1. Would you confirm, using the coordinates I've provided, whether residue B:180 is touching a Gly at 6+ places or on another chain (Cβ under 8 Å) and either of a type outside the set (Val, Ile, Thr) or buried (at least 21 other Cβ atoms within 10 Å of the Cβ) (or both)?
2. Can you tell me which residue among B:334, B:320 is part of a helix (DSSP H, G or I) and crowded, with 19+ Cβ neighbours inside 10 Å?
3. When both residues are 6+ apart or on different chains and their Cβ atoms are under 6 Å apart, which pairs have a first residue that lies in the range B:33-49 and is more than 7 Å from chain A (Cβ to nearest Cβ), and a second that is β-branched (Val, Ile, Thr) and part of a helix (DSSP H, G or I)?
4. Only strands (runs of 3 or more DSSP E) wholly contained in the range B:98-200 count here; list those with 1 or more residues that are within 11 Å of another protein chain (Cβ to nearest Cβ), farther than 30 Å from residue B:252 by Cβ and in contact with a helix residue (DSSP H, G or I) (Cβ under 9 Å, 6 or more places away or on another chain).
5. Let me spell it out: the conditions are (1) under 25 Å from residue B:309 (Cβ atoms); (2) buried (at least 21 other Cβ atoms within 10 Å of the Cβ), and residue B:99 meets all of them except one. Which number is the exception?
6. From the list B:139, B:146, exactly one residue is of a type in the set (Gly, Ala, Ser), modelled with pLDDT of 95 or more and over 30 Å from residue B:286 (Cβ atoms). Which is it?
7. Condition first: outside any loop (DSSP other than H, G, I, E, B) and surrounded by fewer than 17 Cβ atoms within 10 Å (Cβ to Cβ). Now tell me which residues in the range B:19-44 satisfy that.
8. Restricting to the range B:243-271, name every residue that is touching a Phe, Trp or Tyr at 6+ places or on another chain (Cβ under 8 Å) and either closer than 30 Å to residue A:96 by Cα or among the hydrophobic types (A, V, I, L, M, F, W, C) (or both).
Amino acid sequence: MKCHHCESQATVHLTQIINGQMHKMDLCESCAQEKGVTNPDNLSIGSLLDNQPKFESSSASMTCESCGTTHQDFKKGGRLGCEACYHVFRPVLEPLLDGMHAGINHLGKIPSRSVERKTVLESEDALRKALQKAVEEENYEKAAELRDRLKKLQAQSSATT
Amino acid sequence: MFHDLFFSKTKGKAPKPCPIALSTRVRLARNLREFPFPGRAQSGQKKAVLSKCLEALEKVTDLKTSTSVELDELSELDRQILVERHLISLELSQSDESGGVVLSDDRSCSVMVNEEDHLRIQVLSNGLDFEKVWKLADSLDSGIESKLDYAFDQQLGFLTACPTNLGTGMRASVMMHLPGLVMSKNMDKVINAVNHLGIAVRGLFGEGSDASGSIFQISNQQTLGESETAILERLQVTLENIVHQERMAREKLLEDDGMRLVDKISRAVGSLKNCYLIQSSEAMDHLSLIRLAADFGFLPEKFRALADRMFIEVQPGHVQLSAGKPIEPGERDQLRAETLRKEFLRMPQLNLDPQVD
């Protein structure tokens with residue numbers, strides 16, 4: 001079996017399931033190394049596929065002014081460079097996140113400093129929207145969780161004011 | 001059928017340490033707001049991150065009794081040993097500059113600095129116990145966060161160099177010993193079934209379904225869109241199902257072809273007692289059977305603990321540690337064999353009629 005990227009013999013066989021769809025890929029040792037396959041913690045087969053839909057050409061010139069990461073860098077290495085990158089590359093990132101994760105809204109821990117930093121109202125709004133969406137999707141488990149989060153947040157904000 | 005079993009819930013059971021699960025780990029990825037992530041940072045910025053983090057970590061209550069080390073100060077062998085003990089990642093061990101690690105004295109917590117992210121907070125414990133491990137990781141993280149400004153976004157959560165870690169930044173994993181599923185050739189089915197649930201399985205020492213020693217690391221793949229506790233609960237349900245499948249596979253092996261199993265175990269005993277040259281992967285496979293024999297009651301309990309200790313000590317770095325210097329692979333095989341012969345010298349005959357308790 002030949003490597004997906006070069007002509008060498010493939011020795012690394014990768015299977016990943018994203019949103020219930022199975023993706024398979026065969027790589028040689030050196031391509032696997034290069035693509036970071038040896039570190040499965042951070043692996044996404046999406047970044048390895050040549051034939052994935054390319055982003056519109058307008059995004060090709062995207063560059064993060066803060067750290068210098070280009071859209072090309074991100075496509076090649078799958079890594080972003082700094083906090084600001086997440087604003088710059090948001091349009092190309094969001095469609096990817098959908099297939100990568102269980103959802104696109106953070107439902108976990110909120111660092112206390114960030115609560116001070118951003119207004120509580122802002123995230124209340126985001127939670128309310130997410131809650132509404134979860135209800136529409138009839139994902140009640142998620143909705144219940146969001147509702148609890150919202151309650152907690154409202155309690156926090158009333159405690160601080 | 002396998003697939004169905006993984007969807008069934010076994011809620012209400014208290015998480016108990018069980019011999020099938022070797023250890024539980026929770027890892028949190030965090031970055032500082034004002035610096036580029038390590039992959040993009042200039043050398044000076046990485047240095048600044050390292051000193052800022054080490055200074056902050058010193059003051060964190062959960063790390064009161066700990067040691068902090070800059071990777072530059074460590075020899076290649078020292079680094080390898082930390083990797084084999086799962087205290088630092090392979091990636092950090094290969095870092096060229098400004099890598100650091102803070103290890104609590106009881107080795108339950110380790111915080112890596114300038115790995116793929118500025119901070120990788122890790123808590124380890126024996127057996128299967130997400131509740132305890134998450135509680136400690138959460139508290140450690142809050143302690144650090146009170147001293148450092150994290151990169152955080154209301155929608156995307158904790159910002160990480162790789163988008164696969166976004167949100168909670170949490171990767172929770174359990175190391176499991178699954179010889180029954182491997183021997184009965186059911187491991188592929190299990191991997192397939194749990195992959196559908198967003199859970200990853202990989203061999204700890206080697207890839208695929210025939211990892212040496214039959215030890216697998218099972219972890220969540222997704223980090224965004226669910227709370228930490230929701231991720232852990234989902235993982236817990238899956239793990240309990242895997243434990244159940246493993247138990248059934250073992251029973252079936254014993255029932256269907258017990259003599260072959262006993263023969264295998266007995267040969268492993270023979271090899272460990274009589275080897276003169278042995279590679280780590282072969283040693284791992286024999287140790288796996290010793291562990292299984294202890295689980296069946298064929299060998300006294302203490303041999304499970306011995307097997308667990310030897311799983312680490314047969315690794316290349318640890319063999320060289322016992323030699324006191326870096327040595328070539330051939331010499332390692334000899335020294336490894338010598339250690340195993342000594343450790344297993346007094347192993348009793350298998351007790352094939354164990355008292356069931």
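The values are calculated or read from the model by the stated rules, or taken from the named source; none is laboratory data. From a predicted model like this one, the values you see are computed outputs, not experimental measurements. We place every Cβ from the backbone using ideal geometry, glycine too, and count neighbours over all the protein chains shown.
1. Values: touching a Gly at 6+ places or on another chain (Cβ under 8 Å): no; either of a type outside the set (Val, Ile, Thr) or buried (at least 21 other Cβ atoms within 10 Å of the Cβ) (or both): yes.
So residue B:180 fails the test.
2. Values: B:334 fails: crowded, with 19+ Cβ neighbours inside 10 Å.
Only one candidate passes the filter, namely B:320.
3. Filtered contacts from the range B:33-49: B:35/B:49.
4. Once the strands (runs of 3 or more DSSP E) in the range B:98-200 are filtered for at least 1 residues that are within 11 Å of another protein chain (Cβ to nearest Cβ), farther than 30 Å from residue B:252 by Cβ and in contact with a helix residue (DSSP H, G or I) (Cβ under 9 Å, 6 or more places away or on another chain), what remains is B:119-126, B:170-177.
5. The failed condition is (1).
6. On the way: B:146 fails: modelled with pLDDT of 95 or more.
Unique residue meeting the criteria: B:139.
7. First pass over the range B:19-44, keeping only residues outside any loop (DSSP other than H, G, I, E, B): B:21-30, B:32, B:43-44.
Matches in the range B:19-44: B:43, B:44.
8. Our first condition is that a residue be touching a Phe, Trp or Tyr at 6+ places or on another chain (Cβ under 8 Å); within the range B:243-271, this holds for B:245, B:250, B:254, B:262, B:265, B:269.
Of everything in the range B:243-271, those that are touching a Phe, Trp or Tyr at 6+ places or on another chain (Cβ under 8 Å) and either closer than 30 Å to residue A:96 by Cα or among the hydrophobic types (A, V, I, L, M, F, W, C) (or both) turn out to be B:254, B:262, B:265, B:269.
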